[in-house]
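Peer 1: Structure provided below as structure tokens; questions to follow.
Where a number appears in this text, it was derived from the coordinates with a stated rule and is not lab data. This one's a predicted model, so the numbers in the text were calculated from it and none came from an experiment. Quick reminder, even Gly has a Cβ in these numbers, built from the backbone with ideal geometry, and neighbours come from all protein chains shown.
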Amino acid sequence: MEFEYSDKTKELMEQVSDFMDRHVYPNEKLFTEQIDEGDRWQPVPIVEELKPLAREAGLWNLFLPESEYGGGLSNMEYAPLCEIMGRSPMAAEVFNCSAPDTGNMEVLVRYGTEEQKKQWLEPLLAGEIRSCFAMTEPAVASSDATNIESRIERDGDEYVINGRKWWTSGAGDPRCRISIFMGKTDPNNPDRHKQQSMILVPMDAPGVKVLRQLPVFGYDDAPHGHAEVLFENVRVPASNMLLGEGRGFEIAQGRLGPGRIHHCMRLIGLAERALEDMCKRTKSRVAFGKPVAEHTVTLERIAESRIDIDQSRLLTLKAAYMMDTVGNKVARKEIAMIKVAAPNMALRVIDRAIQAHGGGGVSDDFGLAKAYAGARTLRLADGPDEVHRNQIGKLELRRFN
């Protein structure tokens, strides 16, 4: 197994890092200030200004797998680029590589009809619109997705959609034009994994109502946010169905595999930034007669953080390598392993950085508190730790049948 990055990847890493140094890091403070000005749920001007620069530099839709729409980076090639973007809260959108759009675009590339691609994929790839993914429901334990109660019912040339979703990230963004909605078309099918389907629902369709934005540890994550959305007798053309009735789980597995790699690599970038901040802070502060960095407890925390980050990176790269070489199904144990390992690693590293910053660490001055909140949610998003650990355990036990 070879983890040496290709020359192509190294060149892209240099280009993305240079763009971050010149355009992203210097504008992070402005990014935060602009969110807090006026209507927090409008696009952030500095992000909109930087998008054309990223596109002109050829650093646009880097996540996209090989398709008629370009792309061509493997999971292994994209992973380090995703890590670099993960270092800044504004970076992914600048490069048109932010969730949930990346996953939704991959779904449309893989499973969309030509009409669906023309209407929704192409504007997403151009950065003209945004999207959301409506799967989780407040009324049921959505860690078991077979519990989903929302209905998608055929009525002539249309489907009628009813359900209440939440944690539908991005649904409050005024640019969000399309939702990929998961619901049951065949609730009585004896195969619980063939009861569900996915369908495209325009956000301006009659009956779609964004009820509220859900805060995460007090952060509203504007202008992206995480919404509770009501779908009440929403009618869409039958042609909006993705792949076919009963194939929702099949689509979900195709969507979530790469998404988990992206989440994990972004978390590694976030942890690297936290470790850097911890090192700089402890070298510049004196306590009990010497720099904080020279106290044994600080050295141990820095060392543990370096070990944690590098372990998670190697495990994630192994999962990416396996997805590229043997496919998502064979790599499912490794994908589950990183989904547990990376968020927990990031929480440990960020927590140590917060401690090293003292009271400032829990303020908004250094971004660590918000980073911690974001990393904590990823122990739940795309499946909670418990589900992934159970899968890992079962797959391990199969070796001894």
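Peer 1: Pick out, in residue order, every one of the chymotrypsin sites (Phe, Trp or Tyr not before Pro) in the range 294-401 that is DSSP loop and has at most 13 other C-beta atoms within 10 Å; say none if there are none.
Peer 2: Counting only loop positions with at most 13 other Cβ atoms within 10 Å, the chymotrypsin sites (Phe, Trp or Tyr not before Pro) in the range 294-401 are Phe400.
Peer 1: Another question, then. Compactness ratio of the range 237-386: Cα Rg over 2.2 N^0.38 Å, N = residue count?
Peer 2: This ratio for the range 237-386 stands at 1.29.
Peer 1: Based solely on its DSSP helices, what 222 nm [θ] is calculated for the chain when runs of n ≥ 4 H residues each add -39,500 (n - 2.57) and the sum is averaged over all residues, nearest 500 deg cm²/dmol?
Peer 2: -14500 deg cm²/dmol
Peer 1: If you line up the Cα atoms of the range 130-242 on their principal axes, what length do they span on each, largest first, in Å?
Peer 2: Computed over the Cα atoms, the extents are 41, 28, 19 Å.
Peer 1: Could you compute how fast the range 214-290 diffuses translationally, taking Rh as the Kirkwood radius over C-alpha pairs and applying Stokes-Einstein at 25 °C with viscosity 0.890 mPa s? Give it in µm² per second.
Peer 2: The Stokes-Einstein estimate is 138 µm²/s.
Peer 1: Over the range 130-242, what is the relative contact order in whole percent, taking alpha-carbon pairs under 8 Å and six or more residues apart?
Peer 2: 32
Peer 1: Taking the beta-carbon count within 10 Å as an exposure proxy, list Val362, Val349, Val208 from fewest neighbours to most.
Peer 2: Ascending Cβ contact count within 10 Å gives the list Val362, Val208, Val349.
Peer 1: Which value, in debye to the nearest 20, describes the size of the charge dipole of the chain about its Cα centre when Lys and Arg Cβ atoms bear +1, Asp and Glu Cβ atoms bear -1, and nothing else is charged?
Peer 2: That gives the chain a dipole magnitude of about 1200 debye.
Peer 1: Percent relative contact order of the chain, based on C-alpha pairs within less than 8 angstrom and at least six residues apart?
Peer 2: 14
Peer 1: Could you compute how fast the range 179-223 diffuses translationally, taking Rh as the Kirkwood radius over C-alpha pairs and applying Stokes-Einstein at 37 °C with viscosity 0.692 mPa s? Give it in µm² per second.
Peer 2: After rounding, the answer is 245 µm²/s.
Peer 1: Can you give the Kirkwood hydrodynamic radius of the range 288-327 from its Cα pairs, in Å with one decimal?
Peer 2: Result for the range 288-327 stands at 12.3 Å.
Peer 1: Quick one: Lys329, Lys370, fewest Cβ neighbours within 10 Å first, how do they rank?
Peer 2: Least to most surrounded, the residues fall as Lys329, Lys370.
Peer 1: Along the charge dipole of the range 130-242, Cβ charges K/R +1 and D/E -1, which of Ala141, Tyr159, Leu242 sits furthest on the positive end?
Peer 2: Working it through, the farthest residue towards the positive pole turns out to be Leu242.
Peer 1: Take every DSSP beta bridge with both residues inside the chain and express the antiparallel ones as a percent of the total, to the nearest 5.
Peer 2: 85
Peer 1: Express the C-alpha Rg of the range 1-152 as a ratio against the empirical globular expectation 2.2 N^0.38 Å, rounded to two decimals.
Peer 2: In units of the globular-protein estimate, the range 1-152 measures up at 1.17.
Peer 1: Please arrange Cys279, Cys264, Cys97 by counting, for each residue, the other beta carbons lying within 10 Å of its beta carbon, fewest first.
Peer 2: Cys279, Cys97, Cys264
Peer 1: Skipping prolines and chain starts, which residues have an amide H placed within reach, meaning under 5 Å, of the one on Gly172, given they are 5 or more residues away or on another chain?
Peer 2: Ala227
Peer 1: Could you give the semi-axes, largest first, of the ellipsoid that matches the chain, computed as the square roots of 5 times the alpha carbon gyration tensor eigenvalues and rounded to whole Å?
Peer 2: Three semi-axes, in Å: 35, 24, 21.
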